[in-house]
Amino acid sequence: MTNFPQLEDRATPPPSTVVRVPRADDSAPLPFHSPARGGIAVPLIALFLEQYVQLRYGFVAAVGLALLTIGVKAENATCAGIGGILLITPAISAGS
């Protein structure tokens, strides 16, 4: 009597070592939101807001708003901070 595993025992590895490789036909949810979820309202609101800021406060404020938006979405504090400063500076000087 031997303590060696039988041939059929070695055919399948234990469940902890099985690695599942994803295939192209897998229907896993995407890690990002599709543009269809927001519809057309959100981009239109953003466009009108940016145009209003540009007409009211000028090009620098519009660039600041764009940098602030990009910085918030990318979670980049430097970009968001520069955008915030550029957005606030023309508004402060216009009020004086």
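The values are calculated or read from the model by the stated rules, or taken from the named source; none is laboratory data. In this text, all values refer to a predicted model and were calculated from it rather than measured experimentally. Cβ atoms come from the backbone with ideal geometry, glycine included; neighbour counts cover every protein chain shown.
Couple of notes before you dig in:
Residue-by-condition table, conditions (1) in a helix (DSSP H, G or I); (2) touching a residue at least 12 places away in the same chain (Cβ under 8 Å); (3) more than 21 Å from SER93 (Cβ to Cβ); (4) within 15 Å of the chain's Cα centre (by Cα):
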{"residue": "ALA46", "(1), (2), (3), (4)": "yes, yes, yes, no"}
{"residue": "GLN54", "(1), (2), (3), (4)": "yes, no, no, no"}
{"residue": "VAL60", "(1), (2), (3), (4)": "yes, yes, no, no"}
{"residue": "LEU65", "(1), (2), (3), (4)": "yes, yes, no, no"}
{"residue": "THR69", "(1), (2), (3), (4)": "yes, yes, yes, yes"}
{"residue": "VAL72", "(1), (2), (3), (4)": "yes, no, yes, yes"}
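- All positions within segment 74-96 that are modelled with pLDDT under 90 and either surrounded by 10 or more Cβ atoms within 10 Å (Cβ to Cβ) or aliphatic (A, V, I, L, M) (or both): LEU87, ILE88, THR89, PRO90, ALA91, ILE92, SER93, ALA94
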